[in-house]
Amino acid sequence: MKLIAIDMDGTLLSHKLQISERNMNAIQQAQQEGNIVMICSGRAKDDLSGLLQRYNLSLPLGTSNGAVVYVNDTLLQASYINKAIALQTALHLEAEGFPYKVYTNQGIYVPTNWNENVMRTWQAAGSQFYNFTIEDLQKVTEQQLQANVIRSFDNISTLFSSDELQVEKFFILTLDDQVRTQLLEHLQTVEEIGITASAPTNLEVMNQNAHKGNGLRAMAKHFGIPMEHTVAIGDNFNDVPMMQAAGLSIAMGNAEQEVKDLCDAVTLSNEEHGVAHALETYILQKTKQL
């Protein structure tokens, strides 16, 4: 038995945010052969669950970059950001005008001026940066709000005053390299947080112990699977901790070169059913040989 952790965006999902039939079939075959397949993503639980339900896939989840881990919708492990540190971080982001989302145990929240901040940031950076188009902006602004994927708030102090609310992650949109570097330098001075990125256009902030490597370890411990029998498949820097923790690390063909360099193997891109190719090459064939 192996535990296989798969990233979503840029990995299992195509650029149209779809799971190909070949990828889906390979995952189902891996499950049928006795392996555990989990999703380990920067996305929130409700978002991941909705995506998987469309493809009739039932998988354990490591959400918010492994900060929160679920098995059969049951919370297995959670590493939240200290509420005082989260408030301090949010107030700094607001003072500097950064568009940000807050991932919590009660859903995803954005300030009421989210759309305005996104547009202002895009205009200040220039649309040539990273080919970030007006269509990309609409996906992270109007479309998400209209689909009720995220909720808005007026005052972050009021939002954080709820004892029941826990902060899993900050997602910060950063389109200008110089501004991004300055923010990163500031965040690195904040205690008890960890910082990563899932694209050149963002920074993500979690509890210092919240990363995909620990999400993979928690799942492996739950199922009694030795870490040398774990596999990690991903494409970006937020996947690195699980790649370093896994017995076998596989980078997507579309992965950042630095990510490819530290992995044991490289598969095809997410547009070429790279997850299925990896499973067929390194998991399913080996399972059949045992």
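The values are calculated or read from the model by the stated rules, or taken from the named source; none is laboratory data. The model shown is predicted, which means the values in this text are computed figures rather than measured ones. Positions of Cβ are backbone-derived with ideal geometry, glycine not excepted, and every protein chain shown enters the neighbour counts. Accessible surface is based on the protein model in full, side chains and every heavy atom, while ligands, DNA and RNA are left aside. Shrake-Rupley method; radii C 1.70, N 1.55, O 1.52, S 1.80 Å.
In percent, rounded to a whole number, the relative contact order of the range 35-131 is 18, using alpha-carbon pairs under 8 Å and six or more apart. Each listed q (0.28 Å⁻¹) maps to a log10 I(q)/I(0) for the range 25-71 from the Debye sum over equal C-alpha point scatterers, namely -1.03.
What Kirkwood radius, in Å to one decimal, follows from the Cα pairs of the chain?
19.4 Å
Heavy-atom accessible area for His15, with the other protein chains in place and a 1.4 Å probe, reaches approximately 120 Å². Taking the chain as the region of interest, the number of lysine pairs whose Cα atoms are within less than 13 Å, with members eight or more places apart or on different chains, is 7.
Would you work out the relative contact order for the chain, in percent, from Cα pairs under 8 angstrom that are 6 or more residues apart?
In percent, rounded to a whole number, it is 23.
Relative to the longest principal axis of the Cα atoms of the chain, helix 114-125 runs at roughly 90 degrees.
In the distance distribution for the range 71-130, Cα-Cα pairs more than 17 Å apart total 54 percent.
For Met1, Met119, Met243, what's the largest-to-smallest order of accessible area, 1.4 Å probe?
I get Met1, Met119, Met243, largest accessible area first.
For the chain, the longest principal axis of the Cα atoms and the long axis of helix 21-32 meet at an angle of about 60 degrees. Calculated on the alpha-carbon coordinates, the convex hull of the range 212-290 measures out at 84 cubic angstrom per residue. Each Lys and Arg Cβ is given +1 and each Asp and Glu Cβ -1; about its Cα centre, the chain then shows a dipole of about 740 debye.
On the beta carbon distance between Phe153 and Asp177, with R0 = 25 Å, the FRET formula returns roughly 0.30.
Compared with the dominant Cα axis of the chain, that is its longest principal axis, helix 177-187 is turned about 90°.
Averaged over its residues, the range 163-290 has an accessible area of 44 Å² per residue, based on protein heavy atoms and a 1.4 Å probe. The solvent-accessible area of Lys260, taken with every protein chain present and a 1.4 Å probe, is close to 50 Å². Each of Ser249, Phe223, Asn270 was placed along the dipole of the range 201-290 (beta-carbon charges, centred on the mean Cα), and the one lying farthest toward the positive end is Phe223.
Amide H contacts of Val266 (H built 1.01 Å from N, in plane; Pro and chain starts excluded): Ala251 sit under 5 Å, all sequence-distant by 5 or more or on other chains. Placing a label point 7 Å from the Cα of His222 along the Cα-to-Cβ line, the residues of the range 17-41 whose backbone N sits under 17 Å from it are 31, 35-41. Annotation: average projected area of the range 2-53 is 3.6 square nanometres, based on the convex hull of Cα atoms across all directions.
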